[in-house]
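Working notes, beginning with the structure itself.
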Amino acid sequence: MLKLEYVVSAIGMAGPVNSNLLRSKHFHTEVVPAMRGAVDIVKRQVKASAKNVDPSLAVLFNAYTEKKFVEHMQDYNKFNMESVYADSGGLQMVTTGKAVTPQIKDDIYEIQTFADYAMCFDDIPLESVSLVRTRNERSNVGNKVFNQGRLTETAKATGENIKRQIEYFQMKGASTKVIIIVQGNTADDMVHWYETIQEMLTDDHFANVGGIAVADTCMGNKELETIDMLTAAHRIAKVCHPSARKQIHLLGVGSIPRMAPVLYLEKSGFLADYEKVSYDSSSHTVCFNYGLMKLNGTCKPLGEKRNHRLEETLYKIYEQFAPLHHKDYNWFADNVFFDKDGSWTYSGIAKRAAEKDTPDIMRGAALANFTYSMFQVKNFMECLDVVAGGEFIGARGEMNIAAVQQLLQVKDLDDMRVWNNMFGKYVSSARIARKEDSFGLEKFFG
């Protein structure tokens, strides 16, 4: 049965390191047990309902933007999750104009020693075609091009980063395993990228490698691009060091349409060389802050003020985690969740709770955002179990379900070539364009 791990990203957005909670005298007695208890409920119920995958839950923090997470990792005991992943924060540094120096990288590696898995710093051969950055910069494929001419150069730079990262962990005696990020605009690009890095590493280096992560940064972000990334992963598995086959990770992929190819190709045996499949997403941890609820592949706004749809959803969440509350739903809604005018924002909830700082109030405030996020995480994991069984669930959008489901018949590269010839043109695509000369990520965000 497929080992499938949801790595919850942007965990800080779910409130565990909110300053109002951390300062409370009830932090260790009320806040921490409540949050860890919420994770236990999700894990237990997802395991009980799973029929097609062996699900697990992990957490990811950003070693650059969420440093304070480390200070409280021992308090939360990994939130009772299976593993802790640490992102490098490289993208965030570049987008904010921070120079990524060797010393800054070492500082990040020090923070990553507290994690089980660490993402590497990857040098990315992209070029901007617009002087104006957009709100959806990461997902916007129309404002950048891929420079194939810099593929080897950037792969070697990434390899040097990985060597230093591993050697730093070994010097510190850390057991942290590095996840090798694989970039490229095609499957051929990705295989070349990985092979370039592998030639730079020794067996001693690979002792601290925990798998590979296929990234859509240079590829694009629709179903066809996901399938090409998985084709690259299949080919890499045939030539890679055994340590790299321990895990294949999907970076920032948290939608049912994009996860469906992963599940179908694993079920077909196409990805059987990998021991575990994992994916990270911030889709569900950020929803509270935007007043959204993502369930069953859909996304709905719940309104800024107290209303019937919001109350109905909130009550379902409360029921799910009722054993953690010491008060009934009406008390929770009136005294914790909603302000006097019926508005709801987590900053407001936490601030009001801190002013009273009673056990019940602080426990309720901790659960407000965190269970809101975990409720969606649980639903998403359950949806993926259904999809892994061969049945698609959720909003389809432009997705051609019949074409994607044919991936269940793809067992090797010959089958994949047949699938591409017959069905590839019917699957949604958003490919980043290619260009000969470029200047790299630093000027792309400059």
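The numbers here are math on the coordinates, done by the rules we state, and not lab data. Just so you know, these numbers come straight off a predicted model, no measurement behind them. Cβ atoms come from the backbone with ideal geometry, glycine included; neighbour counts cover every protein chain shown.
Semi-axes of the equivalent ellipsoid of region 59-128 are 24, 12, 10 Å, computed as sqrt(5λ) over the eigenvalues of the C-alpha gyration tensor in descending order.
Taken about its Cα centre, region 292-375 carries a charge dipole of about 220 debye when Lys and Arg each add +1 at the Cβ and Asp and Glu each add -1 at the Cβ. The aspartates and glutamates within cross-link reach of Lys163, meaning a Cα-to-Cα straight distance under 18 Å and a gap of 8 or more places when in the same chain, are Asp87, Asp106, Asp107, Glu110, Asp116, Asp122, Asp123, Glu153, Glu195, Glu199, Asp203, Asp204.
Computed over region 292-375, the P(r) curve from all C-alpha pair distances, binned at 10 Å from the origin, holds 17, 56, 25, 2 percent per bin. Multiplying the residue separation of Ser49 and Lys435 by 0.36 nm and removing their Cα-Cα distance gives an extension gain of 134.2 nm. Our summary of shape: the Cα atoms of the chain have principal axis extents of 60, 50, 44 Å, ordered from largest down, in whole angstrom.
Please order Lys177, Lys435 by the number of other Cβ within 10 Å, starting at the fewest.
Values: Lys177 21, Lys435 16.
Going from least to most buried by this count: Lys435, Lys177.
As a length-normalised measure over Cα pairs under 8 Å and 6 or more apart, the relative contact order of the chain settles at 24 percent. Of interest is the spacing of the C-alpha centroids, which for region 290-321 and region 77-99 amounts to 28 Å.
Ordered by the number of other Cβ atoms lying within 10 Å of each residue's own Cβ, fewest first, Tyr168, Tyr85, Tyr329 fall into the sequence Tyr329, Tyr168, Tyr85. In region 223-273, the alpha-carbon atoms span a convex hull of 70 Å³ per residue. Local charge for Lys327 was computed over the other residues whose Cβ lies under 13 Å away, with Lys and Arg +1 and Asp and Glu -1, and equals -3. Any lysines with Cα under 28 Å of the Lys340 Cα? List them, leaving off those in the same chain fewer than 8 positions away. Hits, sequence-local ones excluded: Lys25, Lys294, Lys300, Lys305, Lys316, Lys327, Lys351, Lys356.
Nothing charged except the Cβ atoms of Lys and Arg (+1) and of Asp and Glu (-1): what's the magnitude of the dipole of the chain about its Cα centre? Round to the nearest 20 debye.
860 debye
Ranked by how many other Cβ atoms sit within 10 Å of their own Cβ, fewest first, the residues Cys299, Cys218 fall in the order Cys299, Cys218.
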